[in-house]
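The values are calculated or read from the model by the stated rules, or taken from the named source; none is laboratory data. Being a predicted model, the structure only gives us computed values, none of them experimental. For neighbour counting, all protein chains shown are included, and Cβ atoms are generated from backbone atoms with ideal geometry for every residue, glycine included. Areas reflect the complete protein model, heavy atoms only, side chains present, ligands, DNA and RNA absent. Shrake-Rupley method; radii C 1.70, N 1.55, O 1.52, S 1.80 Å.
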There are 2 protein chains.
Amino acid sequence: MSKPGQLADNEVYLGNYLLDRLAQLGVRCLYGVPGDFNLTFLDLVVEHPDIEWIGCCNELNAAYAADGYARVKQAQLNQDHEGSQADSKPGQAKSQGGKDKTQGGVRGLGALLTTQGVGELSAINGIAGAYAERVPVLHVVGVASTKLQKSRAVLHHTLGDGLTRVFEEAHSGITCARAFLQGAEDAAAEIDRILLAALTKARPAYLSLPTDLVFIPVDKKRLETPVVPDSVGFENHDVLPTGKKVQDEEKKRLAFVVKEIERLWDGAKDPIVLIDACSIRYGVSHLVRDLVHATKVKFYTTPMGRTAIDEDPANGFGGVYVGEISDAAVKEVVEKSDLVVMVGSLKSDFNTGEFSYPFPQETVIELHSDSTLVQYAHYPDVSFHVLLPALAKALKPKENVSQPPKDVGLSTTVPEGNKDEMVTQKAFWPMMGAKLFKENDIVVTETGTSNFGILGSALPNGATSVAAITWGAIGAATPMTLGALLAAQETSTPRRTILFTGDGSIQLTLQEVATMIRLGLKPILVILNNDGYTIEKLIHGETAPYNDIPSFDWQSMLSFFNAPGPRFKPLPTKSWLAETRGQLEEILANEEFQKADKIQVLEVRMAPLDAPENLVKQGKLSAELNAA
Amino acid sequence: MSKPGQLADNEVYLGNYLLDRLAQLGVRCLYGVPGDFNLTFLDLVVEHPDIEWIGCCNELNAAYAADGYARVKQAQLNQDHEGSQADSKPGQAKSQGGKDKTQGGVRGLGALLTTQGVGELSAINGIAGAYAERVPVLHVVGVASTKLQKSRAVLHHTLGDGLTRVFEEAHSGITCARAFLQGAEDAAAEIDRILLAALTKARPAYLSLPTDLVFIPVDKKRLETPVVPDSVGFENHDVLPTGKKVQDEEKKRLAFVVKEIERLWDGAKDPIVLIDACSIRYGVSHLVRDLVHATKVKFYTTPMGRTAIDEDPANGFGGVYVGEISDAAVKEVVEKSDLVVMVGSLKSDFNTGEFSYPFPQETVIELHSDSTLVQYAHYPDVSFHVLLPALAKALKPKENVSQPPKDVGLSTTVPEGNKDEMVTQKAFWPMMGAKLFKENDIVVTETGTSNFGILGSALPNGATSVAAITWGAIGAATPMTLGALLAAQETSTPRRTILFTGDGSIQLTLQEVATMIRLGLKPILVILNNDGYTIEKLIHGETAPYNDIPSFDWQSMLSFFNAPGPRFKPLPTKSWLAETRGQLEEILANEEFQKADKIQVLEVRMAPLDAPENLVKQGKLSAELNAA
C-alpha cells in the first residue's frame, strides 16, 4: 500500500487525480471516517493543497455534513451570479474558470469518504437523503485491493462470504451513477463519468476505490479537459447542461413554448411565480431572479424553495405557500391567482401541505430541469435552463408588485405575551425573524417543529435556508450544520450559521457538535427542548411512552465535548437557557450572543405539545392519509 | 389508522400476531425509533403483555442493541442446557415450551422496529453486521399504507419518485429472507416463513409492515402451530433443524462419517477441539461441551468462539488460538496437535490471525451446521447438530486433559509495574481477568484494542463474551451493551455487564448510554482513553491527523445524560478515572465499584500508541495484505 516510485512527468496517481477533479469542482472539504481500506488514500488527502479532511464522529453524520456543505456551496454559487441577465451570450459560461477553480458552472458538490461495508452502509441513509433532496454528493468508498476481492477472502468488514458486490448494490437505487474501479485502464474515465452524472442530475454518485489502485499512475493531461464540457454554462441557453448544443429544431420548439406561455401570461390578470427546490438545486436561482425582476411579478416560495432568491417584499416576495397549511392570508392571495408559474417544483407531501394544491390545471405552468408543462401540454426536453432567460426577455412586466403584499405571513410583529410565560412556538418564530436573523445568515432547520416553524420567520436578504423537507431524517440537521459552517468559510462574506433543532432530533447525531468544537467553528445551536418527539405526538400517540426520549442536560453538552487533550486546548463556549419569554428576549438582545464569536447553545424550554400551527395541521393530514 | 371494530373470537390483529410470534420465540424487548409509519403498531407493542418497547437514540444503535440482545439470549439459552448429554432421545426437544414460552429450541432472536426509508436505511449497517456475524434479528419496518404505495405518492421518507422497492432491495444481500406484506391473505404465513429462515440460518430477516395492515384480522389458530416445527429441537439428532426427519440413508451416511472420524481420533496422539463462532450461533455449545467432557480432550477457542463453553482449565481449556497472533505458548501447543477438530469455524481474517492457520489438511476435521469436512473429504448435509452427539458417544476419552495445560496464555498473573506509571495494555488485560471479572459477567468488547486485548484476559465460568470480530463496525459495542443488559435481566442469575471500548469507538454511538440511564440499567463502561483511533494508527498513519478525534470529557458524560426531566428523576451514577496503574488498582479493589449497583464509567488513560501485542501483529499483517 506504500507509494511506488517516481511518476513520469505526464502522470498523476489515481488518488490524486480524483482529488484534483474534486478540487476543480470546488470541493474544499472531504468528510468521513478513517478505516483501514481508505488510510493510504487519506495520506493523499491530507497532503492535497486544496482539500481539507474533515474527520467526523460517524459515517452517517459525515454524509449529512457533506450534504449540508453542498447545499450551502450551491446557494453561495447562486448568489455569486449577481446581475446575470437574460442577455448572456451563447458560449459565455459565466462562472467557468471562476475564482476558486470551479468548473461546470453553478454546482455545489459534496464529497464523503468511508470504508468498505461498515462505513459505507453506516452512511447510506445520508446518501439516500441527498438523492431524495437532489444534492450532488460523491461517496468514495475505500475497499480491499482488487487482488483480495478476487480471492474472495473472508475479510473483516465483509459479510463473511467473500467480497461480493452487495454493498455497491445497496447503493444502486439511491445514487445516479456508480463506478467500481477494477484497473488502471478506465479508472479516470469512470471517475469523470460519475462526476458529470452527479452534477447534471443533482444526485449522489458512488465510487469504490480499491487500496491497490490509489497509487496507480494515470494520464495527467486528462485533468485539462473539464469534467463538465468547457463550452457549457448552465445559464447559457444555447447549450444544454449535458454539453449538447441546442439545434434549430429545438430552438423552434423553445420559441413555440415561449409563445404559448406569453399568450397565457398576457391573458392573466394576476399571475404569480412559485419558486421551489429544484430552482436552487439545478443552479437557476439567478435566472428565476432575473425573471422576477424583469416582469415585476409577485413571487412565493415553497418550504424547499426558500431563499432561492432574496425574500424581499419590496421586490415582490409574497410569502411561503404550502397549500392547506399555508398562512391564511398567503393562501388566499395565491389561490386566487389565475396563472401559477411553478419553477423547479418538488411536490412532496410536506412541501405541498399534503398534496393540497387546489390550482385548476388550466392555470398551471411548470418549469423543470428536463421538461416543461403548460396547462395540459407536456414538452419533454424543454429545460428551465433555456426557458427562464427566454421568458425573462419575452414576458411583459405585470407590475403586481406595485401593490404592496397585504400580509406575507412572515410578520416581524411578535405576538404579545407575558415575560414570565414559557416561550410559545407561536411567538418564537416571528421573534427569530425580528430579533435574531441578520443578512447572510445560514439557517439550518430540523425535521419536526423547526422545519414547520421557520415557515413563519422572515429571512433577510442573503440568508440561506437549509432544510431536508422531503427526506425528513431526524438528526440530519446537526451534521448538516457542520457542513454549512465549513461552506460558509469559503465565501468572503461573513456568515453566521444558526441551527434550530429539537431535543428529540439532536439526540440522534449530537456527537457532531464535538467536531464543530474541534474545528473551532462558531454556530448558534438553538435546541427547542420540549421533552420528546413533538412531531410524532401530533401525528399519533400524544402521551404514548414511545414518544419519550432520555433527558439530556443541554447546558453541559458543550463542556462534555470540549475537554483538554494532548493536541487540543479547550475553546471558549457559551450555553444559554431560556425558560421564559423574558429570558429569551434578554438573550436575543445580548450583544455577546448576537456576535456569534464562539460556539453557543441556546436551549429554549417549550411545552411538549406546543407546536407551530402549520405542523398541527400537517400532523392531522398525515394521520388521515395513513389511515385512508 | 385507528383500530377497526371487534375481532371475532378466532381472530387476532396482524400486528398482534407478529408480536405474539416474537413472544413465543423468546423476544421480550423490541428495539427501535418511532416514526410516523410505525406509530399505530407501537400502540400494540406497548399494550403487549410480554414485549417491552426499547426506544433508542437512533436506528443504527437500535440495530446494534437488538444484535447484542440476541447474542446474550443465545448464550443464556446455551447455558440453560445444563447436563444435556448425547443420550437425548429422538423427538424430545428439550427447551420446547420452556419456561418463558420459547419455541424452537436454543435460539436467541432479536427484533428491531424502524420506519420507512430514513429509519430502515439508518439501521442497515447493524443488520449487515448481524448477517456477517450470524445473529438472527427481525427488522420490522413500518411503511406507508398499501394504498399510498400503489398511488406512488411523493411522500416524505421516500426518494421523491413514488414508493419503490429500493429500500427493501437494499436489504436483499444482508438478510436471509424478506417479506413485503401487501394483503391479508398471506401475511401471517409470510411472517412465519421469514422467522423460520432467520432462526434456522442464524441470519437477519426483513419485514415491511404497511400502516393499513397492522389492524387486519388474521386467524388466531395459526399461533398454535409453532414457527419452528413442534418435533424439532436442534439438539435432537433424528430431526434436522428444518424439520426434516433423518432418513435411513442419512443415518448410514452419519455412521460412516462417525467411523471415519473415530479412525482418525484413535490414531491421533494429541487431538484438540477448536471451538468457533457457529457453535454458539447455531445453539450447539452444549453439545460441544458434552463432547469435550465425554472425551476429556483439550479444547481451545477462537476469538469469536470465546465462552461458547466455560473456559475452565480444569476441564481442558487450553487457551485462545488465533494463528500467528496467538500467545506464543498456546500457539506452540495447538500447532503441534496431530488432529484439530474445528467446530463452527468462521475463518475471517481477524478470527484467524490473518488466515495464518498452519494445519496440514490431513490433520483437520471441520464440523459445520450444514456440512462436515474430514481431511479432504466433504460431506454435505452432515450437520453438527447430529454429528456432535454421535461423536460424544463414539470417541474414546483421550485424557490429555490430565496434563495440566502448560500456560493457557490467559495468565492471571499481572506483569509487574510501577504504581505511578500510566496503565499499559500489557498489564491491563490480565488485571481484568484477575481483579475484575466474576462468574456470570457479560463482557462486551469493541473493535480495536479491546477485541484484541480481551484475548489475554481469563474469563470465569458462566461468563459471556460479546464481540463482533468479523463485521468490526466501530461503535457497535456500546449499543450492543444496552441489548446485553436487557437480556441479562431475563435470567434469574444476577449478571454484571461490562463494556470495554475506546474513545475513538464510543464517539460513534455514545448517546445510547443515555438510554441505559433512562432505563435504570447498571453497566460498567470501561473507556480506554488513548486519544484517537489506535487500531488504525497501527495499520497505517501512526501520527496522521486523520486518526485524531475530538476530545471528550468522559468524566462528565453520565451527568450530561442524566438531567431531571418531567418524567425522569436523575439516577445515581459514578465516574472513575485511572490515570495511573495505582489508581486503577484502587478502583478495582473498591467494593462500591465492584458491586455495580449503578451505572459507572471507568476511564483509563493510556498512551496513544500502546496496544495489545496481538493487535500490533495483526496491524502489520493487515497492512501487508492491503499492500499485496
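Report, to the nearest whole %, how much of the accessible area of the stretch B:532-579 belongs to carbon and sulfur atoms, 1.4 Å probe, protein only.
Values: 1010 of 1910 Å².
The computed percentage sits at 53.
What percent antiparallel are the DSSP beta bridges of the protein assembly as shown, to the nearest 5? List each step's numbers first, then the result.
On the way: 24 of 150 bridges.
Beta bridges within the protein assembly as shown, antiparallel portion: roughly 15 percent.
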Item to complete: Sorted from largest down, give the three principal axis spans of the alpha carbons of the stretch B:557-623, whole angstrom values.
Response: 53, 29, 18
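Could you please tell me the mean projected area of the C-alpha convex hull for the stretch B:312-471, averaged over all directions and given in square nanometres to one decimal?
For the stretch B:312-471, the mean projected area of the Cα convex hull comes to 10.9 nm².
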Worksheet entry | For the stretch B:11-224: relative contact order, % (alpha-carbon pairs under 8 angstrom, 6 or more apart) | 27 percent
Practice prompt. Can you find, among B:C57, B:A484, B:Y13, the residue farthest towards the positive end of the dipole of chain B? Put +1 on the C-beta of Lys and Arg, -1 on that of Asp and Glu.
Written response: B:Y13
Response to the item:
Answer in debye to the nearest 20: the dipole magnitude of chain B about its Cα centre, from +1 Lys/Arg and -1 Asp/Glu charges placed on Cβ, is 1000 debye
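What share of Cα pairs, in percent, lie more than 23 angstrom apart in the stretch A:249-402?
Values: 3262 of 11781 pairs.
Looking at the stretch A:249-402, the distances longer than 23 Å represent 28 percent of pairs.
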Worksheet item: Restricting to chain A, what percent of DSSP beta bridges are antiparallel, rounded to 5?
Response: 15 percent
Item to complete: Determine the alpha carbon to alpha carbon distance for each of A:K438/A:K522; B:K252/B:K296; B:K269/B:K298; A:K574/A:K595 and list only those over 19 Å.
Response: B:K252/B:K296
Response to the item:
By the DSSP-based rule, helices of chain A that are at least 30 Å long along the axis (C-alpha) and have a mean Kyte score of at least -1.0 are A:59-80
Discussion item. Please compute the volume of the convex hull spanned by the alpha-carbon atoms of the stretch A:515-628 and report it per residue in Å³.
Written reply: 133 Å³
Discussion item. Ordered shortest first, which distances in nm separate the 7 Å Cα→C-beta label point of B:D219 from those of the other copies?
Written reply: 6.8
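Specify whether the C-alpha gyration tensor of the stretch B:246-296 places it in the rounded, prolate or oblate class, a ≥ b ≥ c being the square roots of the eigenvalues: rounded for a/c under 1.5, otherwise prolate if a/b is larger than b/c and oblate if not. Mind showing how you got there, number by number?
Working: a/c = 2.30, a/b = 1.11, b/c = 2.08.
Oblate is the answer for the stretch B:246-296, as a/c is 1.5 or above yet b/c matches or exceeds a/b.
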Worksheet entry | Cα-derived Rg over Rh, computed across the stretch B:122-175 with Rh taken as Kirkwood radius | 1.05
Response to the item:
For the stretch A:320-355, listing trypsin sites (Lys or Arg not before Pro) in a DSSP loop whose Cβ sees at most 10 other Cβ atoms within 10 Å gives A:K336
Worksheet item: If you average the sequence gap of Cα pairs under 8 Å that are 6 or more apart and divide by the length of the stretch B:248-402, what percent do you get for the contact order?
Response: 29 percent
Worksheet item: Taking N as the number of residues in the stretch B:456-585, what is its Cα Rg relative to 2.2 N^0.38 Å?
Response: 1.15
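Shape verdict for chain B, please, from the Cα gyration tensor: rounded (a/c under 1.5), prolate (a/b greater than b/c) or oblate. Before the final figure, lay out the partial values.
Numbers: a/c = 1.77, a/b = 1.13, b/c = 1.57.
Oblate.
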Item to complete: Loop sites only, by DSSP: take the GluC sites (Glu not before Pro) in chain A that have at most 16 other C-beta atoms within 10 Å and name the longest stretch containing none of them.
Response: A:83-398
Fill in: Solvent-accessible surface (1.4 angstrom probe) belonging to A:C57, in square angstrom, nearest 10
0 Å²
Fill in: Farthest positive-ward along the stretch A:249-402 dipole, Cα basis, beta-carbon charges - from A:S345, A:G319, A:V284
A:V284
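How big is the dipole moment of the stretch A:249-402 about its Cα centre under a simple scheme where the beta carbon of each Lys and Arg is +1, that of each Asp and Glu is -1, and everything else is neutral? Debye, nearest 20, please.
On the way: 17 positive and 23 negative charges, 103 e Å.
Computed charge dipole of the stretch A:249-402: roughly 500 debye.
Using only alpha-carbon positions, what ratio does the radius of gyration of the stretch A:436-514 give when scaled by 2.2 N^0.38 Å? Walk me through the numbers on the way to the answer.
Working: Rg = 12.2 Å, N = 79, 2.2 N^0.38 = 11.6 Å.
Cα Rg divided by the expected 2.2 N^0.38 Å: 1.05.
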Response to the item:
In whole percent, the Cα-Cα distances of the protein assembly as shown spread across 10 Å bins from 0 upward as 2, 10, 18, 22, 20, 14, 8, 4, 2, 0, 0
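Work out the length of the dipole vector of the protein assembly as shown about its Cα centre, built from +1 on the beta-carbon of each Lys and Arg and -1 on the beta-carbon of each Asp and Glu, and round it to the nearest 20 debye.
Numbers: 120 positive and 156 negative charges, 138 e Å.
For this selection, approximately 660 debye.
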Worksheet entry | Other-copy label distances relative to B:N10, 7 angstrom Cα-Cβ extension, nm | 8.3
Item to complete: Relative to the compact-globule scaling 2.2 N^0.38 Å, provide the ratio for the alpha-carbon radius of gyration of the stretch B:11-224.
Response: 1.01
Worksheet entry | Teacher prompt: A:E586 distances to equivalent labels in other copies, 7 Å Cα→Cβ, nm | 4.1
Discussion item. Restricting the calculation to Cα positions, tell me the Rg (one decimal) and the Dmax (whole number) of the stretch B:377-519 in Å.
Written reply: 19.1, 59
